[in-house]
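Here the structure is laid out as structure tokens; the discussion comes afterwards.
The values are calculated or read from the model by the stated rules, or taken from the named source; none is laboratory data. Bear in mind the structure is a predicted one, so any value in this text is a computation, not a measurement. Cβ atoms come from the backbone with ideal geometry, glycine included; neighbour counts cover every protein chain shown. What goes into the accessible areas is simple: the full protein's heavy atoms, side chains included, and nothing from ligands, DNA or RNA. Shrake-Rupley method; radii C 1.70, N 1.55, O 1.52, S 1.80 Å.
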Amino acid sequence: MFVAVGRGGRTIISCDDGRTWINDRQLTSNNGDHEEETDKGFAYGNGHFVQLLGWGAPVSLQISEDGVEWRRVYPQGSRWATIAFLGDRFMMMNANEAVTAASPDGPWSYTTDHGCNDHMREGGGGAPAPGIMMGACGSTYTTDGGQTWSNASACSAVTAFGGIGQRGGFAYGNGIFAAVDEEGDYCSTADKGTTWRSGQISNFRDGSRSYVGKMFFANGEFWMMVGNKGHRSSNGANWSTTSFSPSGIILHAIAASDTGAYVAYDRESGQFYRSADGESWTATTKVAATPTFQRLT
């Protein structure tokens, strides 16, 4: 099953491997950056789909076990800026603080101070529960569920990250954490932030900044979606470029199922697509373009 979430608390699912999309719902028609229903993160773990909502406004979580029925809860604390599943627990972070819980319904427990008194942007992790978060302080990571934190080494594409929230992104896969900003600067680490490989993806984008989408890990590769092409890498450091067919399509988000099928979404037109190889795409369901879907899993 695929699930897409976005602004306005909007959700939609596909139960047939991306061939059709159903149960399109939303909390509000608001599509702004600073609303109670602004999308700030999405995670799946322990049988729960969890969307983090609210930026510059009260924070809430949308939670579902099946992608159809959703409930909204308001966790303790405020200004939570990112959510991730760390292999055995969920974690949310803001400036200085982090909380963890086995279930997104709580109870949430505070970890030790992670040491970044500034915006946090995105986070991720995987079994057996390493976690890393990125923001204006660069990056900070934990290998013990937040009992202790370490600052990662300097990395120009991470420090003062500006475009990692709505464009660009951060993902975990193949034992590697990787980040790409909206200009194609990248960083990756295979040792939880102790050392980084960094650089810039060549020929990153042509045309409008609005073509830059989110980064995802799908079918064993990191994918950075930019309009009619996708930059892909198995290690977050060596990147190749795939041009999509047909040539006129624009894609902003991508995911893959256990069968290997890819799905993608154009947030400007509201069009979903499906592909067997990540290169040649067929249009499937088209929905209203706003509120904008941002993330797929």
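General observations
- In this simple spin-label model, placing a label point 7 Å from the Cα along the Cα-to-Cβ direction at both R209 and T195 gives a separation of 3.5 nm.
- Scoring 144-151, 182-189, 53-60, 221-228 by mean Cβ neighbours within 10 Å over their residues and listing the highest first yields 221-228, 182-189, 53-60, 144-151.
- Under 14 Å, Cβ to Cβ, from P291 - net charge with Lys/Arg +1 and Asp/Glu -1: -1
- Choice from G278, G207, G77 with maximal GNM fluctuation in the chain (Cα, 10 Å cutoff): G207
- Sequence of S275, S29 from largest to smallest accessible area, 1.4 Å probe: S29, S275
- For T284, the residues whose modelled amide H falls within less than 5 Å of its own, excluding neighbours fewer than 5 places apart on the same chain, are F272, Y273, R274.
- 14 Å beta-carbon shell around G32, net charge (K/R +1, D/E -1): -2
- Computed over region 249-295, the P(r) curve from all C-alpha pair distances, binned at 5 Å from the origin, holds 5, 25, 33, 22, 11, 4 percent per bin.
- Where only alpha carbons of region 197-241 are counted, the Rg and the Dmax (Å): 10.2, 29
- Result for the chain in a Gaussian network model with C-alpha springs under 10 Å: among N31, N174, N203, the largest mean-square fluctuation is at N203.
- With eigenvalues of the C-alpha gyration tensor scaled by 5 and rooted, the chain, Å: 27, 23, 17
- Cα-only Debye scattering, region 188-276: base-10 log of I(q)/I(0) at q = 0.15, 0.17, 0.25 Å⁻¹: -0.58, -0.72, -1.32
- Modelled this way, with points 7 Å down the Cα-to-C-beta line, the labels at S257 and T282 are 1.2 nm from one another.
- Whole-Hz Karplus values for region 226-243 come out as 9, x, 8, 9, x, 8, 10, 7, 8, 10, x, 10, 10, 10, 10, 10, 10, 8 Hz, taken residue by residue from phi with 6.51 cos²θ - 1.76 cosθ + 1.60 and θ = phi - 60°; glycine and proline positions read x.
- With DNA, RNA and ligands ignored, accessible area of R79 (1.4 Å probe; Å², nearest 10): 150 Å²
- Hydrodynamic radius by Kirkwood, which averages 1/r over all alpha carbon pairs of region 26-94, in angstrom: 12.2 Å
- The phi torsions of region 22-38, fed into the Karplus equation with coefficients 6.51, -1.76 and 1.60 and a -60° offset, translate into couplings of 9, 6, 6, 9, 8, 7, 7, 8, 4, 10, x, 7, 10, 10, 5, 10, 5 Hz, rounded to whole numbers, with Gly and Pro shown as x.
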